[in-house]
Amino acid sequence: MNHLLSPLRRHPMMPWLIVLQIAVACAILCNTLFLLAQQATPLLIDDGIARGEVIIVDQLVNRGGNWNAAQARAGADALAGIAGVQRASAVVGAPMRQTLTMVYDIKSANGPTLQVSGYIGERLIDTLGLQLSRGRDFQDDEYSDLQLGDGGGSASVPVVITEALARALFGDANPVGQALTGGDGSGHYVVVGVVAHLMRYQLSELDDGKAEYAMLLPQRAAGLPMLSFLVRSDAAQRDAVLKAVPGVLKHTYGGQIATGFEPLVADYEQLRAEALGSRRAAVWLLLTVNAVIATITLIGIASLSGYWIQQRTRQIGIRRALGATRAQILRHFLAENLLLTISGVVAGLTLAVLINQWLMQHYELPRLPWIYLPVAALLLVLLGQAAVAAPARRAARLPPASATRNV
């Protein structure tokens, strides 16, 4: 160890510059990698919805008050009659739309209270093309008209939840048959089924593993001034169905639709791309930032290490003349760089935590998960070794006679 520390003590400026650069890069990378993962995760998860088949109809406003259950059913039946449509459902809560949403605070007997998106409508598993992984779908006699503010009543309401929500509420236990209550103790639910995936529609709540905190309830859309529909079509006939929907709505509801409120009719894939567009842009920005930081760090370490090694050419030549092999010279500089890199990483990890604390206080960012610390540390160690490899190999190839000349 002394043969590594001795050059560092004699020429402290260059080692300190390398340590400082690594520390700053490590602190930045820890936080930017965390932000990158946070923005990218909702883009990568399976939203559970049939690809290329689902059409969203939203913002159908009643000019005379609230839509009743019969009117909602009439619209769903009319849309289901379009050629190429497999199923249509009147809903409250449409994927990638936040015009009308239902949010529930629920908890299990021993679990935390979680905020969950509620999807309301008939046969939504079939309409959305969801995969039922455990339990069953709702039975016909379990459906009822939506009653706002009833909190679920005293009877247990059957619900279908996502696998992600089941893990958060029940861990590894089988969720089917388990009871849930509202966060304030009102509302009683029982899990009858579990779907593999379903993304929630509160787009501001997609971080920290909450992107799939969603459940289906056996209620019919009714008693609200705005209607939404989900339409599942054959993928090959989707464009034709999109063109037909406005005419069908106008024929079904006529003058009941409020003027000045044009219903939205859009392909789900298009809505997803638009809704997550800002996240996609943030991912590219953060990828660029991380790539730039890694490149600058690599070039900086290589330049500083190369210059420092060059200043010790005479020392290298003396060691070669005394019998040191090329491999020993190479290992010396790699070990020396590893020592500096680890010192910089330790300082950088401390700085990363402090920066994260500051961001939490001023910008409401979540706490930096510990897993990003070793990831960033490993990345910096690899970068440091890669950066010093070329200068170290050049030094190891120097013949003793030329290395001991005056420079």
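The values are calculated or read from the model by the stated rules, or taken from the named source; none is laboratory data. Given the structure is predicted, the values throughout are model-derived calculations rather than measurements. In this analysis, Cβ positions are derived from the backbone assuming ideal geometry, glycine residues included, and neighbour counts consider all displayed protein chains. Protein only, heavy atoms only, side chains kept; ligands, DNA and RNA dropped before computing areas. Shrake-Rupley method; radii C 1.70, N 1.55, O 1.52, S 1.80 Å.
For (1) part of a loop (DSSP other than H, G, I, E, B); (2) among the polar types (S, T, N, Q); (3) under 28 Å from the mean Cα position of the chain (by Cα), each residue gets a yes or a no:
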{"site": "V160", "(1), (2), (3)": "no, no, yes"}
{"site": "N174", "(1), (2), (3)": "yes, yes, yes"}
{"site": "V194", "(1), (2), (3)": "no, no, yes"}
{"site": "H197", "(1), (2), (3)": "yes, no, yes"}
{"site": "R238", "(1), (2), (3)": "no, no, no"}
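I'd like the residue in segment 145-161 that is surrounded by 15 or more Cβ atoms within 10 Å (Cβ to Cβ) and either of a type in the set (A, V, I, L, M, F, W, C) or modelled with pLDDT of 90 or more (or both) and, out of all such residues, is nearest to L198 (Cα to Cα).
I161
Given the condition buried (at least 17 other Cβ atoms within 10 Å of the Cβ), under 30 Å from T297 (Cα atoms) and in contact with a Gly (Cβ under 7 Å, 6 or more places away or on another chain), answer yes or no: does some residue in segment 37-58 qualify?
no
Kindly indicate whether any position in segment 268-287 is surrounded by fewer than 16 Cβ atoms within 10 Å (Cβ to Cβ), part of a helix (DSSP H, G or I) and more than 38 Å from the chain's Cα centre (by Cα).
The answer is no; no qualifying residue exists.
Which residues, taken from segment 12-44, are touching a Phe, Trp or Tyr at 6+ places or on another chain (Cβ under 7 Å) and at pLDDT below 75? Explain how you work it out, then say what you get.
Here is the first cut: in segment 12-44, the residues touching a Phe, Trp or Tyr at 6+ places or on another chain (Cβ under 7 Å) are 14, 30, 33-34.
Within segment 12-44, just M14 meets the criteria.
Quick check on this structure: which one of A83, A164 is touching a residue at least 40 places away in the same chain (Cβ under 8 Å), surrounded by 19 or more Cβ atoms within 10 Å (Cβ to Cβ) and not in a strand (DSSP E or B)?
Within the list A83, A164, the selection yields A164.
Go through segment 309-323 and report how many residues are at negative phi and not in a helix (DSSP H, G or I). I'd like the intermediate steps shown before the answer.
At the first step, the residues of segment 309-323 found to be at negative phi are 309-322.
Checking the rest, the ones that are also not in a helix (DSSP H, G or I) come to 312, 322.
So the answer is 2.
Here are the criteria: (1) more than 21 Å from the chain's Cα centre (by Cα); (2) of a type in the set (D, E, K, R); (3) open to solvent by 30 Å² or more (accessible area, probe 1.4 Å); (4) closer than 22 Å to F261 by Cβ. Tell me which single one R97 does not satisfy.
(1)
When the residues of segment 39-79 are narrowed to those that are free of Cβ contacts under 8 Å to residues at least 40 places away in the same chain and more than 23 Å from M215 (Cβ to Cβ), which ends up farthest from the chain's Cα centre (by Cα)?
Going through segment 39-79, the residues free of Cβ contacts under 8 Å to residues at least 40 places away in the same chain turn out to be 44, 70, 77.
After this cut, where a residue has to be more than 23 Å from M215 (Cβ to Cβ) as well, the list is 70, 77.
Values: A70: 39, D77: 36 Å.
Going through the qualifying residues, I end up with A70.
Exactly one condition in (1) touching a residue at least 12 places away in the same chain (Cβ under 8 Å); (2) in a loop (DSSP other than H, G, I, E, B); (3) surrounded by fewer than 18 Cβ atoms within 10 Å (Cβ to Cβ) is false for W370; which is it?
(1)
Of all residues in segment 170-224, count the ones that are open to solvent by 10 Å² or more (accessible area, probe 1.4 Å) and within 30 Å of I257 (Cβ to Cβ).
Looking only at that region, the number is 8.
Return the residues of segment 240-267 that are at pLDDT below 90, over 33 Å from the mean Cα position of the chain (by Cα) and surrounded by 12 or more Cβ atoms within 10 Å (Cβ to Cβ); say none if nothing qualifies.
At the first step, the residues of segment 240-267 found to be at pLDDT below 90 are 254-263.
Filter once more, so that each one left must be over 33 Å from the mean Cα position of the chain (by Cα): 254-261.
Passing the criteria: Q256, I257, A258, F261.
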